[in-house]
Amino acid sequence: MLKIDNLNQYYGGSHILRGISFDAPIGKVTTVLGRNGVGKTTLLKTLMGLVPAKNGSIHFGDQDITRAPSYTRVKAGIGYVPQGREIFPRLSVEENLLMGLATRPRGAAIPAKVFEMFPVLRQMLNRRGGDLSGGQQQQLAIGRALAFGPKLLILDEPTEGIQPSIIKDIGAAIRSLAATGEIAILLVEQYYDFARDLSDYYLVMERGEIIMRGEGRDMDKDGAREALAV
Ligand SMILES: Nc1ncnc2c1ncn2[C@@H]1O[C@H](COP(=O)(O)OP(=O)(O)OP(=O)(O)O)[C@@H](O)[C@H]1O
Ligand SMILES: [Mg+2]
């Protein structure tokens with residue numbers, strides 16, 4: 001579904017992404033692990049077109065989106081849950097979810113499966129986003145990204161600062177989405193156990209490079225946890 005080839009990115013003179021290549025197939029969870037500051041968010045922002053790719057290529061399905069503006073990428077079917085959630089605190093839960101439909105024709109409805117996945121969003125439909133707990137805001141951000149029916153869902157550290165019960169719900173949601181076989185999931189994480197339990201494929205990033213990769217079921221055997229600790 002998503003295919004990245006030899007991607008490079010710079011902030012000023014610093015080389016942040018160094019020749020990144022990988023695929024994120026449909027129906028699978030592909031996880032990028034790496035410590036603080038290795039370039040995970042930069043990778044996702046480059047995929048979303050929020051910072052321009054220096055060189056290399058990004059394909060989504062049969063489209064080359066390397067130079068496409070962000071809205072074209074969203075329209076093509078990429079849903080993005082940014083680090084820190086970035087919901088609209090003064091808008092209601094319903095309005096936040098409707099924002100996720102901005103690329104769809106007027107009058108498009110929030111799909112029922114968003115509420116099936118996160119029932120709390122229905123209960124809190126008229127509450128302001130900023131009044132939700134951190135975990136509920138994360139669920140809202142995921143619901144917003146799913147509202148338009150993406151074919152690729154990108155999540156940047158969805159467990160960061162979230163209480164364990166909601167982490168479980170988010171894990172179950174990711175698993176059930178992948179199990180439909182209709183969406184590719186690209187997850188960025190630092191919470192090793194969460195990543196191991198969900199990943200079909202994993203990559204470990206270190207200073208802008210992928211230093212280890214394999215199947216999720218081999219993460220322990222490959223020493224991925226140790227690679228993150230050094
Ligand atoms: N807008 C920017 N301008 C210049 N340097 C930046 C900018 N954003 C990030 N950086 C630097 O780029 C590097 C990669 O940052 P990035 O946010 O991609 O890391 P990360 O892996 O997502 O980290 P974290 O796990 O803390 O979220 C870091 O050294 C960071 O300081
Ligand atoms: Mg980050």
For this session: Tell me which of these residue 9 doesn't satisfy, since it passes every other one: (1) in contact with an Asp or Glu (Cβ under 9 Å, 6 or more places away or on another chain); (2) in a strand (DSSP E or B); (3) within 16 Å of ligand 2 (Cβ to nearest atom).
Result: (1)
For this session: Quick one: in region 54-84, of everything that is within 14 Å of ligand 1 (Cβ to nearest atom) and open to solvent by less than 30 Å² (accessible area, probe 1.4 Å), which residue is farthest from residue 9 (Cα to Cα)?
Result: 81
Problem set entry | Criterion: over 26 Å from residue 226 (Cβ atoms) and away from ligand 2 (no atom under 16 Å from the Cβ) - qualifying residue of 19, 27 | 27
For this session: Only residues that are surrounded by 16 or more Cβ atoms within 10 Å (Cβ to Cβ) and among the small types (Gly, Ala, Ser): list them for region 12-43, please.
Result: 24, 34, 39
Seminar exercise, completed: Over region 153-177, the set of residues without any contact (Cβ under 8 Å) to a residue 40 or more places away in the chain, within 16 Å of ligand 1 (Cβ to nearest atom) and surrounded by 20 or more Cβ atoms within 10 Å (Cβ to Cβ) is 159, 162
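Only one residue in 173, 147, 141, 227 is among the small types (Gly, Ala, Ser) and closer than 18 Å to residue 24 by Cβ, so which one is that?
Working: 147 fails: closer than 18 Å to residue 24 by Cβ; 141 fails: closer than 18 Å to residue 24 by Cβ; 227 fails: closer than 18 Å to residue 24 by Cβ.
Among 173, 147, 141, 227, only 173 is among the small types (Gly, Ala, Ser) and closer than 18 Å to residue 24 by Cβ.
Yes/no per residue for (1) open to solvent by 40 Å² or more (accessible area, probe 1.4 Å); (2) more than 18 Å from residue 85 (Cα to Cα):
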| residue | (1), (2) |
| --- | --- |
| 128 | yes, no |
| 142 | no, no |
| 151 | yes, yes |
| 191 | yes, no |
Seminar exercise, completed: Going through region 34-49 in order, the residues found to be near ligand 1 (Cβ under 10 Å from one of its atoms) and either outside any helix (DSSP H, G or I) or of a type in the set (Asp, Glu) (or both) are 34, 35, 36, 37, 38, 39
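The values are calculated or read from the model by the stated rules, or taken from the named source; none is laboratory data. Everything quoted here is computed from the prediction, not taken from an experiment. Methodologically, a virtual Cβ is constructed for each residue, glycine included, from the backbone with ideal geometry; neighbour enumeration extends over all protein chains shown. The protein model used for the area step is the full one, side chains on, heavy atoms only, and it has no ligands, DNA or RNA in it. Shrake-Rupley method; radii C 1.70, N 1.55, O 1.52, S 1.80 Å.
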